[in-house]
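Below you'll find the structure, written out as structure tokens, and then a few comments.
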Amino acid sequence: MKQTNTKITRRVRPPIISLSILICLFSWSLISQNAVTNNCTTECHKRTVKKDILHGPTATDCTACHETNGQEHPLEDVAGFTLFAEGAALCYSCHVEVEEEHNLKYVHKPVKNGECTECHEVHSSNDSHLVFTPAPDLCFFCHSEYEDKKATAKTVHKASFEGDACLLCHTPHASTQKRLLADKSKQLCLNCHNKIIKKEDGNLIANIEKHLNESSHLHKALKKRCTSCHNPHYSERDLLLKDEFTIGTYVKGIEENFSLCFGCHDTDLLNLETTAVGTEFREGDRNLHFLHINKDKGRNCTTCHDIHAANNTKLIATTVKFGRWDMPLNYIPNDNGGTCATGCHKEQSYSREVISND
Ligand code: HEC
Ligand code: HEC
Ligand code: HEC
Ligand code: HEC
Ligand code: HEC
Ligand code: HEC
Ligand code: HEC
Ligand code: HEC
Ligand code: HEC
């Protein structure tokens, strides 16, 4: 049974029972009830053992699963054999460990439904795990939107579609973790992002785990998972981001360009020219976020903050990228404000205690 990647939802079962097959099983049953496989497969059921890898019992004993029902075999339109158990129960009679996976908190729907043969071949296979085709194609068979998006999305996380693909992060049967994840969500990402990665276009991706380990302040947004901001599979934005966030030093300072951040943070920090509560980054009630960002050529959040983690309070970066320059910020906070001395301007201090003139 060959499987294709087209967007169908069910495999079509090929016509199976032919007269010749029935005749052969008949001669088999005449010889011995405990006949070895060869008696079934030399003449008739060749197809069951055609592929390279044989399912354990298929190699030795067809009657491990098929038992004679007393009818003569082969006879056209008369079944000479029944399976001694239906559906998954047949498999569980030997694969107790898979049945036990039902005890895990999250069980994959087709497994819960006992549809083992939606993914597995029962007799022989070209795959050592006896699946019709390896992931990701196996998964696309039902999750076809992933194949569609892979072709059309702006950015694709290659890791999700190459090598073991889906199975790098998901288990096929069941898991202790939500969404059938193979590990704790954040750890999954750090299992690979624990080194510098060179992309195909030659650009380097930073070692995220090292950066987190070396930073004293983590962004609370990534305490448990990276997926509050990144899509693990693909995205219509740069860097697999889930919502709008413009990359670069300068950006038009409107909230739509930072939707990612304002999904969790209050827009007052950007929109109010004066405020006594909307942000701590202010001179008296003069909002310094507004001052720096709210203009056509506004400064991006990343010209001051490191989104993942930093060694300063409030995620203020030690250095930020300005072209090829790692520009230092020299941020020193104090009880009422702070001081920056950067490439953008000489040392400047702000104090929330300053009384506004207007
Ligand atoms: C691990 C259990 C198992 C063993 C061992 C097994 N079968 Fe089957 N067989 C099945 C199941 C389950 C089906 C029904 C397949 C389906 O519904 O897709 C089946 C279906 C069949 C069919 C009808 C459909 C088809 O795929 O052609 C034939 C003929 C058959 N088996 C022959 C054999 C022969 C010959 C052997 C030994 C070489 C054998 N089987 C060994 C489980 C087994
Ligand atoms: C009569 C016992 C028996 C039955 C029934 C049986 N299996 Fe198996 N299965 C085995 C044996 C033996 C092996 C080979 C030993 C191993 O790999 O652990 C095996 C191997 C496998 C493997 C490959 C294991 C691997 O290393 O990846 C898969 C997948 C599998 N079986 C699925 C099924 C499914 C699905 C069914 C039900 C349709 C089923 N088995 C029914 C005995 C059985
Ligand atoms: C969604 C597809 C899918 C379904 C449904 C599925 N499996 Fe699997 N199964 C896999 C894949 C993929 C692997 C290989 C796992 C790996 O690479 O770690 C596997 C591995 C196995 C193995 C060998 C490794 C192990 O976990 O012990 C057995 C046995 C097995 N499956 C039996 C079953 C049985 C029994 C069912 C039905 C209750 C079933 N599978 C349903 C995809 C599936
Ligand atoms: C036979 C069809 C089928 C195949 C093949 C299949 N799935 Fe699924 N999968 C489902 C169904 C049905 C659901 C439940 C969808 C729902 O509830 O909306 C599901 C849900 C999931 C979920 C979400 C689980 C959750 O807790 O929300 C993940 C993750 C998943 N599948 C991964 C995979 C992977 C990885 C593969 C390939 C190894 C795969 N699936 C192959 C049918 C399939
Ligand atoms: C790099 C790790 C990774 C890989 C590889 C991966 N996934 Fe996922 N997948 C996840 C994470 C993490 C989630 C949970 C998303 C969340 O937390 O919002 C998820 C969720 C899902 C869901 C549930 C629906 C949803 O979006 O929440 C499905 C279905 C799914 N993945 C299918 C697949 C398929 C199919 C593949 C292979 C083409 C695949 N995944 C590859 C990490 C991965
Ligand atoms: C199996 C290894 C692996 C895992 C697991 C993994 N990644 Fe990746 N990731 C890569 C590789 C390789 C690249 C570079 C190639 C590419 O674009 O996919 C990459 C690239 C990225 C990029 C940059 C994409 C771009 O367009 O430049 C982001 C963001 C990312 N991963 C986030 C995540 C998140 C979030 C997770 C966890 C859900 C995760 N990764 C899990 C291997 C992995
Ligand atoms: C609060 C949202 C958010 C969370 C949570 C988050 N990221 Fe990011 N990530 C971003 C943004 C925004 C960028 C782009 C930063 C920039 O422009 O400098 C980015 C960039 C990246 C990049 C590309 C870095 C490069 O050198 O090009 C990778 C890889 C990445 N994140 C992985 C992760 C991983 C792994 C996690 C979890 C440990 C994570 N992210 C959690 C928002 C987030
Ligand atoms: C998923 C929700 C979420 C998203 C998305 C998010 N954040 Fe946060 N952020 C938080 C939480 C929670 C805190 C901790 C607030 C607290 O402790 O009061 C935080 C704190 C901060 C802090 C201050 C750190 C501190 O120590 O108080 C900064 C700066 C920050 N985020 C910037 C950003 C930027 C920039 C973005 C967009 C790229 C963003 N955040 C996206 C949830 C999020
Ligand atoms: C010019 C530098 C600069 C830029 C650009 C900047 N911030 Fe800040 N931000 C700060 C400083 C400094 C603080 C710390 C204020 C304090 O606690 O004294 C801060 C604090 C914060 C806080 C903590 C709560 C608060 O308002 O005090 C959040 C959340 C935050 N920034 C989000 C953002 C977001 C989102 C962007 C982009 C839209 C951004 N920042 C752009 C310098 C900047």
### Task
Could you name the lysines whose alpha carbon sits less than 20 Å from that of Lys198, not counting residues in the same chain fewer than 8 places away?
Lys154, Lys158, Lys210, Lys321
### Task
Give, to the nearest whole percent, the P(r) tail of the chain beyond 25 angstrom, counting all Cα pairs.
67 percent
#### Entry: Positive-end residue, the chain charge dipole about Cα centroid, Cβ charges, pick of Ile316, Asn257, Ser228
Ile316
### Message
Given Cβ point charges of +1 (Lys, Arg) and -1 (Asp, Glu) and nothing else, what value in debye, to the nearest 20, does the dipole of the chain about its Cα centre take?
### Response
820 debye
### Query
In straight Cα distance, which aspartates and glutamates are under 13 Å from Lys112, not counting same-chain residues fewer than 8 positions off?
Glu99, Glu100, Glu101
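Hey, what's the per residue convex hull volume over the C-alpha atoms of the range 118-183, in cubic angstrom?
Values: hull volume 6.8 nm³, N = 66.
Dividing the Cα hull volume of the range 118-183 by its residue count gives 102 Å³.
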### Query
Over the range 78-119, what lengths in whole Å, largest first, do the semi-axes of the equivalent ellipsoid take, defined as the square roots of 5 times the eigenvalues of the alpha-carbon gyration tensor?
24, 12, 6
### Message
If the only charges are +1 at each Lys and Arg Cβ and -1 at each Asp and Glu Cβ, what is the size of the charge dipole of the range 239-351 around the Cα centre, to the nearest 20 debye?
### Response
460 debye
### Coil-residue GluC sites (Glu not before Pro) of the range 260-358, DSSP, other Cβ within 10 Å capped at 14
Glu273, Glu347, Glu353
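As a test of the definition: which semi-axes, in Å, follow for the range 206-250 when you take the square root of five times each eigenvalue of its alpha carbon gyration tensor? Largest first, please. Display every interim value, and only then the final one.
Details: eigenvalues 85, 38, 22 Å².
In descending order, the three semi-axes are 21, 14, 10 Å.
Which trypsin sites (Lys or Arg not before Pro) from the range 261-331 combine a DSSP loop assignment with at most 14 other Cβ atoms within 10 Å? Could the numbers behind the result be given before it?
Working: sites: Arg282, Arg286, Lys295, Lys297, Arg299, Lys314, Lys321, Arg324; in loops: Lys295, Lys297, Arg324.
Listed in order of number, the matching sites are Lys295, Lys297, Arg324.
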### Summary
Scattering profile of the range 290-358 from the Debye formula, Cα beads only, expressed as log10 I(q)/I(0) at q = 0.19 Å⁻¹, is -0.86
### Task
Stick to Cα atoms and the Kirkwood definition of Rh, then tell me Rg/Rh for the range 239-351.
0.94
### Task
Return the aspartates and glutamates within reach of Lys50: Cα separation strictly under 19 angstrom, same-chain partners fewer than 8 residues apart disregarded; answer none if there are no such residues.
Asp61, Glu121, Asp127
### Message
Going through the cross-link list Lys295/Lys346; Lys149/Lys178; Lys51/Lys105, which pairs have a Cα-Cα distance over 29 Å in this structure?
### Response
Lys51/Lys105
### Query
His170's amide H: which non-local residues (gap 5+, or another chain) put their own amide H closer than 5 Å, with H modeled 1.01 Å from N in plane and none for Pro or chain starts?
Ala182
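What is the ratio of the Cα radius of gyration of the range 104-218 to 2.2 N^0.38 Å, with N the residue count, to two decimals? Walk me through the numbers on the way to the answer.
On the way: Rg = 17.0 Å, N = 115, 2.2 N^0.38 = 13.4 Å.
The value comes to 1.27.
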#### Entry: Charged-residue dipole, Cβ positions (Lys, Arg, Asp, Glu), the range 36-102 about Cα centre, Debye nearest 20
380 debye
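Values in this text are rule-based calculations from the coordinates and carry no lab data. In this text, all values refer to a predicted model and were calculated from it rather than measured experimentally. Positions of Cβ are generated from backbone atoms using ideal geometry, with glycine treated the same way; all protein chains shown enter the neighbour counts.
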